[in-house]
Ligand SMILES: [Zn+2]
Ligand SMILES: [Zn+2]
């Protein structure tokens, strides 16, 4: 693959840490020559505990998110294929309740972004450095459980767990995880934002193992600004990253919704 024509990982200002109007994202996608643009902002999520999450679309902005994007989808229907989804974590205790809540919206797809390990209220983030193998195992276990629900289009930044411990343990656990993922046939994402920000992901070790196992990958821009969508240099960087690891990406990054 040498061109990205589809991207399913796009945020909006409503999550509180992305910038730009919805329309600007669409215009940027058109400038980059994208044919498919999927919005997947950090999902609105009710917490029975009353927990307030500061990094996602607030509950009272959920209608606006779906309404605004649905209108733009119609407006731009001759120029670009727009899809409306969300990026969500999987919390086993409340996932059913969450799905029930989401059923009121015209949500076309979900991508899994496991930013917290088990419960958001604990504040145990997948991004935090840790050499504890139990956290690594816990992360993989939870992601696997999430994928088995059959609700997700793909796994966003599957390598977000910031494990700094023994490399042999990392390799063994990652291999075990990716073999299961392969059986479930769900794509894993090479995250553009991580690459552009020089974060600990996308992780070459992770994707080299995935390439050996034969997992399928997809590039996700994870745009928190319109500029990231239109940055062709960054798209090429992602494609190069894939080539260096040997992982296969679907033709022009298209996925079946
Ligand atoms: Zn994410
Ligand atoms: Zn994201």
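Bear in mind these aren't lab numbers, they're just calculated from the coordinates by the rules spelled out. Computed from a predicted model, the values in this text were never measured in an experiment. Backbone-built Cβ (ideal geometry, glycine too); neighbour counts: all protein chains shown.
Among the DSSP beta bridges whose two residues both lie in the chain, what percent are antiparallel, rounded to the nearest 5?
Counting DSSP beta bridges with both partners in the chain, the antiparallel share is about 5 percent.
Taking 0.36 nm per residue of separation and subtracting the Cα-Cα distance, what length does fully extending residue 183 through residue 236 add?
Length difference between fully extended and current span is 16.2 nm.
Relative to 2.2 N^0.38 Å, what does the C-alpha radius of gyration of the stretch 1-115 come to as a ratio? Two decimals please.
1.09
Roughly what percent of Cα-Cα pairs across the stretch 6-253 reach past 24 Å?
44
Based on the mean of other beta carbon atoms within 10 Å per residue, what is the order of 213-223, 135-145, most packed first?
Ranking the peptides 213-223, 135-145 by packing returns 213-223, 135-145.
Which length gain, in nm to one decimal place, applies between residue 199 and residue 97 when the Cα-Cα distance is subtracted from 0.36 nm times their residue separation?
Stretched out fully, the residue 199 to residue 97 stretch lengthens by 33.4 nm.
Summing -39500 (n - 2.57) over the DSSP H runs of n ≥ 4 in the chain and dividing by its residue number, what mean residue ellipticity at 222 nm do you reach, to the nearest 500 deg cm²/dmol?
Mean residue ellipticity, 222 nm, calculated: -12000 deg cm²/dmol.
Percent relative contact order of the stretch 6-253, based on C-alpha pairs within less than 8 angstrom and at least six residues apart?
20
Among 130, 70, what is the fewest-to-most ranking by other Cβ atoms within 10 Å?
Placing the least packed residue first, the sequence is 70, 130.
Under a plain spin-label model, where a point goes 7 Å from the Cα along Cα-to-Cβ, how far apart in nm are residue 70 and residue 257?
For residue 70 paired with residue 257, the spin-label model returns 1.4 nm.
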